[in-house]
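Trainee: Have a look at this one.
The values are calculated or read from the model by the stated rules, or taken from the named source; none is laboratory data. Since the structure is predicted, the reported quantities are computational estimates derived from the model, not experimental observations. With ideal geometry, Cβ positions are generated from the backbone for all residues, glycine too; neighbour counts draw on all protein chains shown.
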Amino acid sequence: MRPKYMPNKSIRTLNDLVNHHLIPVEELPLLEQVVDDFLLGITPEMHQLIDKTNPTDPIAMQFVPTVNELEITPSESDDPIGDQVHQKTKGIIHRYPDRCLLTPVHVCPVYCRFCFRKEKIGMGSQTLTPKELDGALEYIGNHPEIWEVILTGGDPLILKPAQLAKLLQRLCSIKHVDVIRIHTRIPVVDSDRINEAMLQALQCEKPVYVVLHANHPNEFTPNAIKACHSLVKAGIPMLGQTVLLKNINNDIETLSTLMRCFIKNRIKPYYLHQGDLVRGSKHFRTTIEEGQRLMKALRGRFSGICQPTYVLDIPGGYGKVPIGPQYLHESMDETEKPHYRIEDYQGHFHDYALIP
């Protein structure tokens, strides 16, 4: 049975985990090494969801540290997607021509154990000072090719509404910035923050998109659904992104239910991320082949609007690429003209001749 009470404090220490029976006391010495490397944070909302009778509870597995994080493989990195390569000034990562990341804060209400920025997340020193924020905005203003600014971090919606409103207005005042995107977990992990003040802060003369990170259908609690509905009713378009996680969502029943949860709540699935090569995250990663099989099953059996794009962020800072299954197979016929074999969603092949 899940707890019938709402804990009134976030879990921030290993002793909190022991006191709430989320880890055995015998694991404390090893887990101290884990939390020395990456902070611990579980909101009351997520704590309430954890089924303590289930050792593979999908919420606990995302946020409760384990000794598995001490296993580091040679391919893993403290900068798995190459942020450092593309950091132009503090707070700005400019990887693609027409858009950049702006990271005003590096703190979150929860800390996902597979976070690709775990080496920096939670570090107060990474949060931008007013002077550093001025410098970041100056960079954006000096680069007219930047059409879209993506607020990430950290979780930008952890900012006070007044701070966020001021930041959005400053971005809106930059003529060539036409779109603002905010990546967040707040609506599901700390839904009370989506209040009237926050909704007002998100109002801007330019489009503001909110991209919700959710990995399991259990995250769509009544409070989370209410928060998402408030955002949508306020005229804020929403997209959804998910990390493919071993033993959490890497089965078609869970993944399809999650995608339907997004759509039912007027959130368009956007990305399904292959797990990044984060230090100590081997136990979370699936193979790409497994992800492709899941995408084939999703494509064939569930509505087209439930389909995310399965992507890999190439290590070293080379950007995201789609890595979904291939349905088109090209060859040459006897006249040396292109000939195609097309695979349908059931795995059957069909001839398709392209006649110029």
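Trainee: Just to verify a result, which residue in segment 85-129, among those that are of a type outside the set (A, V, I, L, M, F, W, C) and without any contact (Cβ under 8 Å) to a residue 12 or more places away in the chain, is surrounded by the most Cβ atoms within 10 Å (Cβ to Cβ)?
Mentor: Q87
Trainee: Which members of segment 329-356 meet the condition of being loosely packed, with under 10 Cβ neighbours inside 10 Å and modelled with pLDDT of 90 or more?
Mentor: Within segment 329-356, H348, H350 qualify.
Trainee: Take the residues of segment 155-174 that are of a type outside the set (A, V, I, L, M, F, W, C) and part of a loop (DSSP other than H, G, I, E, B): which is nearest to P144 (Cα to Cα)?
Mentor: Going through the qualifying residues, I end up with S173.
Trainee: In addition: Does at least one position in segment 285-304 carry a residue that is within 14 Å of A214 (Cβ to Cβ) and assigned to a helix (DSSP H, G or I)?
Mentor: No, the conditions are met nowhere in segment 285-304.
Trainee: Test R117 against the criterion of being in the same structural domain as L245 (by TED's automatic domain parsing), within 22 Å of the chain's Cα centre (by Cα), within 30 Å of V34 (Cβ to Cβ) and charged (D, E, K, R), and give yes or no.
Mentor: Taking the combined requirement at face value, the residue satisfies it.
Trainee: Confirm whether C306 is farther than 28 Å from I121 by Cα, in the same structural domain as E148 (by TED's automatic domain parsing), hydrophobic (A, V, I, L, M, F, W, C) and under 18 Å from the mean Cα position of the chain (by Cα).
Mentor: So C306 passes the test.
Trainee: Next question, about the same structure. Kindly indicate the residue of segment 312-328 that is touching a helix residue (DSSP H, G or I) at 6+ places or on another chain (Cβ under 8 Å) and either more than 25 Å from C112 (Cβ to Cβ) or β-branched (V, I, T) (or both) and also surrounded by the most Cβ atoms within 10 Å (Cβ to Cβ) among those meeting that condition. Reasoning before the result, please.
Mentor: Let us first name the residues in segment 312-328 that are touching a helix residue (DSSP H, G or I) at 6+ places or on another chain (Cβ under 8 Å), namely 312, 316-317, 323-325.
Those left that are additionally either more than 25 Å from C112 (Cβ to Cβ) or β-branched (V, I, T) (or both): 323, 325.
Numbers: I323: 17, P325: 15.
By that ranking, first place goes to I323.
Trainee: May I ask you to list the residues in segment 44-84 that are at pLDDT 95 or above, of a type outside the set (S, T, N, Q) and closer than 23 Å to V211 by Cβ?
Mentor: Passing the criteria: E45, M46, L49, P58, I59, M61, F63.
Trainee: Can you tell me which residues in segment 264-287 are in contact with a strand residue (DSSP E or B) (Cβ under 9 Å, 6 or more places away or on another chain) and at positive phi?
Mentor: Passing the criteria: only R266.
Trainee: Considering segment 126-182 alone, what residues qualify as being modelled with pLDDT of 95 or more and of a type in the set (G, A, S)?
Mentor: Matches in segment 126-182: G135, A136, G141, A162, A165, S173.
Trainee: Next question, about the same structure. I'd like to know if segment 193-216 contains one or more residues that are touching a Cys at 6+ places or on another chain (Cβ under 9 Å), assigned to a helix (DSSP H, G or I) and outside the structural domain of I50 (by TED's automatic domain parsing).
Mentor: No, because not a single residue in segment 193-216 is touching a Cys at 6+ places or on another chain (Cβ under 9 Å), assigned to a helix (DSSP H, G or I) and outside the structural domain of I50 (by TED's automatic domain parsing).
Trainee: Answer yes if at least one residue in segment 288-308 is on the phi > 0 side of the Ramachandran plot and basic (K, R), and no otherwise.
Mentor: no
Trainee: From the list T309, T286, which residue is surrounded by 15 or more Cβ atoms within 10 Å (Cβ to Cβ) and free of Cβ contacts under 8 Å to residues at least 40 places away in the same chain?
Mentor: Result: T309 is the single residue among T309, T286 that is surrounded by 15 or more Cβ atoms within 10 Å (Cβ to Cβ) and free of Cβ contacts under 8 Å to residues at least 40 places away in the same chain.
Trainee: Within 15 Å of the chain's Cα centre (by Cα) and either without any contact (Cβ under 8 Å) to a residue 12 or more places away in the chain or farther than 30 Å from P97 by Cβ (or both): is that true of L258 in this structure?
Mentor: So L258 passes the test.
Trainee: How many of the residues making up segment 237-255 are more than 17 Å from I59 (Cα to Cα) and within 14 Å of the chain's Cα centre (by Cα)?
Mentor: Of segment 237-255, the ones more than 17 Å from I59 (Cα to Cα) are 237-240, 252.
Next, from what is left, pick out any that are within 14 Å of the chain's Cα centre (by Cα): 238-240.
So the answer is 3.
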